[in-house]
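K.L.:
Could you have a look at this structure, given as structure tokens, before my questions?
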Amino acid sequence: MYPHQAERLTLAREAAGATALVATAAENVRYVTGFVPPAAPDPRFLAVVAAQKTALVAPEGEAPRDAGVDVVVTYGAGGYAAIAAALAKALARVAVAHGTVGVDEGDLSPADWRALTDPLAGTVVPAAAHFGGARSVKSPYELDRLVHALAITEEALNAVLQTLAAGVTEREAAAAFAREVERRGGTGPHAAITVGERTALAAARASERALRAGELIRFDVGCMLDGYHGAAARTAVLGEPDPRLTRVSDALYAGQEAAVRAVAPRAAAAHVFAVAMVAVRTAGLPAYQRHHVGHGIGLDREETPKLAPGRSPALEAGMVLRVQTPYYEPGWGGVSGDTTVLVTASDARVLNRSHRGLILLD
């Protein structure tokens, strides 16, 4: 484990009041061990981090040769009873036989949570939020991967934009984006691309709907590099935008810019949300409503913190955030855009290199 991860996980363990933390979600297992579990939830891998040692719990025959941990414990058939027994053994081998253990509830169902934790000695507390807090501040290596993943995403998107014309379908644009990502060394391309009235759908699979003159095409795309995500949301119009589209896109961009200016260490995430909402409404969309205006990004596409109202964590230097102000109106369309920023020691540094406003296609 790298020193940055060790320090962050120590702080997380202390915040949980636990003698050990147990990762169950794939991203958290990777953060602790460096090992990349299979995409499927079963067979399940667990990672344990204690004060002095780390452990990996893995199915028999599935443990990696170099797991990046001090202890490896395997289990055979028997479902969660076998996994729980292996976890108890791993905790004992890292010198945590009793006390409070924080277990990442992650993607566990309530039944799986009980099956995994009921046999454990001592007190068990949920720990997904503590893992999220640990991962929210990035190391220099993580930042490098995130910046490069974003660059691949934006370069691939720009290549697709150069090919757009009337008659190009959503599915063709999505396939082109995937090819451009892979050509640049990215993996796991994600492309939600919609056209015309379908741009009002926040999340839709690509269809055979073709772009026509005067219509919008909206992109929510991304990829991974060494497990770290880059993502970009952009909107383009084929031809000249009408006054309403210009007003909407200008207001949304004003909200993004205001939010970026509000990002700084110790700023409350809720404050950034409030600033963005006021800016969008003042700039031309007085009825604008959102439940959040962005979130962190890293080993997952959506991470802590969430830029939302209510109780929220203070931002910290080293966080990487996607600031988003999308707008969807059934029957009219949707406009989305985002800005990826690094929280620095004093403010926010924009990591994007592409145009972040409405894109005009010839």
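So that you can scan it fast, the table gives a plain yes or no per residue for (1) closer than 18 Å to G132 by Cα; (2) surrounded by 21 or more Cβ atoms within 10 Å (Cβ to Cβ):
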| site | (1), (2) |
| --- | --- |
| A269 | yes, yes |
| F273 | no, yes |
| V278 | no, no |
| R281 | no, no |
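K.L.:
Take E105 and decide whether it is assigned to a loop (DSSP other than H, G, I, E, B), of a type in the set (D, E) and loosely packed, with under 15 Cβ neighbours inside 10 Å. Don't jump to the end; show me each part of the working.
P.N.:
Values: assigned to a loop (DSSP other than H, G, I, E, B): yes; of a type in the set (D, E): yes; loosely packed, with under 15 Cβ neighbours inside 10 Å: no.
So E105 does not fit the description; no.
K.L.:
Next question, about the same structure. What pairs come up if the first residue lies in the stretch 120-149 and is of a type in the set (V, I, T), the second is in a loop (DSSP other than H, G, I, E, B), and their beta carbons are under 7 Å apart, counting only those six or more places apart or on different chains?
P.N.:
V125/A18; V137/E316; V137/G318; V147/L351
K.L.:
A further question on this structure: Among the listed residues A203, A166, A151, identify the single one that is surrounded by fewer than 19 Cβ atoms within 10 Å (Cβ to Cβ), more than 27 Å from A26 (Cα to Cα), in the same structural domain as N352 (by TED's automatic domain parsing) and not basic (K, R). Spell out the reasoning first.
P.N.:
Working: A203 fails: more than 27 Å from A26 (Cα to Cα); A151 fails: more than 27 Å from A26 (Cα to Cα).
When all the criteria are applied, what remains is A166.
K.L.:
Further question on the same structure: Please enumerate the residues belonging to the stretch 338-349 that are in a loop (DSSP other than H, G, I, E, B) and under 11 Å from G318 (Cβ atoms). Steps first, please.
P.N.:
From the stretch 338-349, those in a loop (DSSP other than H, G, I, E, B) are 344-347; that's our starting set.
Passing the criteria: T344, A345.
K.L.:
Which of the residues spanning the stretch 204-225 are closer than 16 Å to P326 by Cα and among the hydrophobic types (A, V, I, L, M, F, W, C)?
P.N.:
Going residue by residue through the stretch 204-225, those that are closer than 16 Å to P326 by Cα are 204, 216-221.
Scanning the stretch 204-225 gives A204, L216, I217, F219, V221.
K.L.:
Still on this model: Looking at the stretch 179-188, which of its residues are crowded, with 19+ Cβ neighbours inside 10 Å and either free of Cβ contacts under 8 Å to residues at least 24 places away in the same chain or more than 20 Å from H355 (Cα to Cα) (or both)? Spell out the reasoning first.
P.N.:
Of all residues in the stretch 179-188, those crowded, with 19+ Cβ neighbours inside 10 Å come to 180-181, 186.
Within the stretch 179-188, G186 is the sole residue that qualifies.
K.L.:
Shifting gears a bit: For the stretch 285-292, indicate whether the set of residues that are within 18 Å of S336 (Cα to Cα), among the aliphatic types (A, V, I, L, M) and out of contact with any helix residue (DSSP H, G or I) (no Cβ under 7 Å at 6 or more places or on another chain) is non-empty.
P.N.:
Residues of the stretch 285-292 within 18 Å of S336 (Cα to Cα): 285-292.
Within this subset, residues satisfying the condition of being among the aliphatic types (A, V, I, L, M) are 285, 287.
Okay, now just the ones that are also out of contact with any helix residue (DSSP H, G or I) (no Cβ under 7 Å at 6 or more places or on another chain), so 287.
Yes, that holds for at least one residue.
K.L.:
What is the residue count in the stretch 317-337 for residues that are in a strand (DSSP E or B) and out of contact with any helix residue (DSSP H, G or I) (no Cβ under 7 Å at 6 or more places or on another chain)?
P.N.:
Adding up the residues that qualify gives 4.
K.L.:
Six or more apart or on different chains, Cβ atoms under 8 Å: show the pairs whose first residue is in the stretch 239-261 and farther than 15 Å from G333 by Cβ and modelled with pLDDT of 95 or more and whose second is in a helix (DSSP H, G or I) and among the hydroxyl-bearing types (S, T, Y).
P.N.:
Taking only residues 6 or more apart or on different chains, the pairs are A254/T282.
The values are calculated or read from the model by the stated rules, or taken from the named source; none is laboratory data. The structure displayed is predicted, hence computed values, not measured ones. In this analysis, Cβ positions are derived from the backbone assuming ideal geometry, glycine residues included, and neighbour counts consider all displayed protein chains.
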